[in-house]
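Comments concern the structure below.
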Amino acid sequence: MISNSQTKVRIHADHVGSLLRPQKLKETRAQLWERGVLARFGQETQPAELSTIEDAEIEEAVRFQEEIGLPVVTDGEFRRAYWHYDFMVGLTGFDLEEREPESKAGTFALSVVPVISDLLSFPHDHSMIGHFEFLASVARNTPKISIPGPSSCHFRTAKADIKPTQYRDTEVLFDDIAKTYAQAVDAFYNAGCRYLQMDDIFFAYLCDPKVREEKKAGGEDPDWLIEKYAWMMNQAIKDRPADMTIAMHLCRGNFQSNWVAEGAYDPVADAIFNQTDVDIYFMEYDSDRAGGLEPLKLLPKGQKQALLGFITTKSAELESIDELSRKFDEASKHVDINQLGIAPQCGFASTEEGNKITADDQKRKLELVVKTAEKIWGVVKVPSM
């Protein structure tokens, strides 16, 4: 079992990170993209007119989160188009190429594909360092930034799109991904970040029998991938300073209220809980697709926490606080209630299009997070991290 012995602040109310994009921001990005002055993903230098709007909308979003009572605030991912590609395309050696999209039943396909074109590393001038620094400058509560987890660089990158000959040895590739993320962790820490979230959703994908069969058909052992993905995560974070909290978010897809995968956490629970030094796990639990609560019994006693996503961002229907309390009673049969917390199952806008709910729906969901945490754990405010 891997566990950081440092006593850290317990967080009982939080959210994954992304918020519905304000209409003015969406319209401005679309206009600039159509004019050819804005890249779809991860442009290092934004047009001044866009940056001005982003700054104002982010500051308003931070005030919104703080007024609701959330102890942790994010920038809503307002400077991104997608949860992962904007970060990944900023890595040295990682590119996106436009190609004809492939259609799959029940899913969507982008016209871009990830390509590892050269040896990987984290550049000192990655744009998301600046994203965090601005967030921290306007936040009164603890600022958090989320980035895609290490597995994101591998899971959907076809073997033919991994160009460096050194990376024909997958162990070498995984070692470089881990080193790249360790560099990122250091860079965010040096920028003042004390709460960094990794969206390592592909652990949850590898719980889906269909996805597991697809990986086997492609010559990959899904259980080996789970072990290696956990190894990459741990290598990336194991040497971080003791006062830095690392979270991992798991879900099964979140595009305009649609999902991709399903399956209980059983295949990955031991790997994520006991083979990584992650502090907090954001776990999707808003439908039967996530399976039962039994895997929580593998969460080691102590400082680690699981923030359970019983509240959905995929629909407007508001959950009952009494029903949420009942679910936490069930969860507490498997793990100490004080090691639990609540958050929505995923972001409200993992992509700039956003889920099919309104801003009012979003507000009610986040208010419910705070009210539920207050009912179960009392005060949800935490010291600044």
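So, in segment 337-362, how many residues would count as being more than 22 Å from A136 (Cα to Cα) and either of a type in the set (F, W, Y) or outside any loop (DSSP other than H, G, I, E, B) (or both)?
12
In contact with a strand residue (DSSP E or B) (Cβ under 9 Å, 6 or more places away or on another chain) and within 20 Å of I246 (Cα to Cα), is that true of A178? Walk me through it before giving the result.
On the way: in contact with a strand residue (DSSP E or B) (Cβ under 9 Å, 6 or more places away or on another chain): no; within 20 Å of I246 (Cα to Cα): yes.
Spelling it out, it is not the case that A178 is in contact with a strand residue (DSSP E or B) (Cβ under 9 Å, 6 or more places away or on another chain) and within 20 Å of I246 (Cα to Cα).
Given the options V335, V278, V268, name the one that is crowded, with 20+ Cβ neighbours inside 10 Å and free of Cβ contacts under 8 Å to residues at least 40 places away in the same chain. Give the derivation first.
Working: V278 fails: free of Cβ contacts under 8 Å to residues at least 40 places away in the same chain; V268 fails: free of Cβ contacts under 8 Å to residues at least 40 places away in the same chain.
That would be V335, the only listed residue that is crowded, with 20+ Cβ neighbours inside 10 Å and free of Cβ contacts under 8 Å to residues at least 40 places away in the same chain.
When the residues of segment 301-331 are narrowed to those that are assigned to a loop (DSSP other than H, G, I, E, B) and of a type in the set (K, R), which ends up modelled with the lowest pLDDT? Explain how you work it out, then say what you get.
Filtering segment 301-331 for residues assigned to a loop (DSSP other than H, G, I, E, B) gives 301-304, 312-320.
Among the residues that remain, those that are also of a type in the set (K, R) are: 301, 304, 314.
On the way: K301: 95, K304: 97, K314: 89.
If we take residues in segment 301-331 being assigned to a loop (DSSP other than H, G, I, E, B) and of a type in the set (K, R), then K314 is modelled with the lowest pLDDT.
Name the pairs: first residue in segment 136-151 and free of Cβ contacts under 8 Å to residues at least 60 places away in the same chain, second residue surrounded by fewer than 18 Cβ atoms within 10 Å (Cβ to Cβ), Cβ to Cβ under 9 Å, at least 6 apart or on different chains?
A136/A191; A136/G192
Out of curiosity, is L119 closer than 27 Å to G218 by Cα and surrounded by fewer than 20 Cβ atoms within 10 Å (Cβ to Cβ)? Please lay out each step first, then the result.
Values: closer than 27 Å to G218 by Cα: yes; surrounded by fewer than 20 Cβ atoms within 10 Å (Cβ to Cβ): yes.
Criteria met by L119.
I need the full set of residues from segment 338-385 which are without any contact (Cβ under 8 Å) to a residue 12 or more places away in the chain and among the β-branched types (V, I, T), in order please.
V379
H334 passes all but one of (1) closer than 18 Å to R252 by Cα; (2) assigned to a loop (DSSP other than H, G, I, E, B); which number fails?
Tallying (1) closer than 18 Å to R252 by Cα; (2) assigned to a loop (DSSP other than H, G, I, E, B), H334 fails exactly one: (1).
Quick check, is P300 touching a residue at least 12 places away in the same chain (Cβ under 8 Å) and surrounded by fewer than 17 Cβ atoms within 10 Å (Cβ to Cβ)? I'd like the intermediate steps shown before the answer.
On the way: touching a residue at least 12 places away in the same chain (Cβ under 8 Å): yes; surrounded by fewer than 17 Cβ atoms within 10 Å (Cβ to Cβ): yes.
In short, yes.
Name the one entry in I272, I226 that is part of a helix (DSSP H, G or I) and more than 16 Å from the chain's Cα centre (by Cα).
On the way: I272 fails: more than 16 Å from the chain's Cα centre (by Cα).
When all the criteria are applied, what remains is I226.
Mind listing just one residue for me: the one in segment 125-169 that is assigned to a strand (DSSP E or B) and of a type in the set (S, T, Y) and, of those, farthest from E60 (Cα to Cα)? Walk me through it before giving the result.
At the first step, the residues of segment 125-169 found to be assigned to a strand (DSSP E or B) are 142-143, 145-148, 162.
In the following step, the residues that additionally are of a type in the set (S, T, Y) were identified as 142, 146.
Numbers: T142: 16, S146: 19 Å.
In this case the residue turns out to be S146.
Which condition breaks for K365 when tested against (1) within 20 Å of H12 (Cβ to Cβ); (2) of a type in the set (K, R); (3) in a loop (DSSP other than H, G, I, E, B)?
The single condition K365 does not satisfy is (3).
Is it true that Y229 is at pLDDT 95 or above, within 29 Å of R10 (Cβ to Cβ) and touching a strand residue (DSSP E or B) at 6+ places or on another chain (Cβ under 9 Å)? Steps first, answer last, please.
On the way: at pLDDT 95 or above: yes; within 29 Å of R10 (Cβ to Cβ): yes; touching a strand residue (DSSP E or B) at 6+ places or on another chain (Cβ under 9 Å): no.
It is false that Y229 is at pLDDT 95 or above, within 29 Å of R10 (Cβ to Cβ) and touching a strand residue (DSSP E or B) at 6+ places or on another chain (Cβ under 9 Å).
Residues A81, A39: which one is more than 20 Å from the chain's Cα centre (by Cα) and modelled with pLDDT under 95?
Numbers: A81 fails: more than 20 Å from the chain's Cα centre (by Cα).
After applying the criteria, what remains is A39.
Check whether at least one residue in segment 201-213 is in contact with a Lys or Arg (Cβ under 6 Å, 6 or more places away or on another chain), outside any helix (DSSP H, G or I) and under 30 Å from P143 (Cβ atoms), and report yes or no. Step through it out loud before you land on a result.
Kept after step one, since they are in contact with a Lys or Arg (Cβ under 6 Å, 6 or more places away or on another chain), are these residues of segment 201-213: 204.
Then keep just the ones that are outside any helix (DSSP H, G or I); that gives none.
Scanning segment 201-213 turns up no residue that is in contact with a Lys or Arg (Cβ under 6 Å, 6 or more places away or on another chain), outside any helix (DSSP H, G or I) and under 30 Å from P143 (Cβ atoms).
The values are calculated or read from the model by the stated rules, or taken from the named source; none is laboratory data. Source: prediction; values computed, not measured. So basically every Cβ, Gly included, is an ideal-geometry build from the backbone, and we count neighbours across all protein chains shown.
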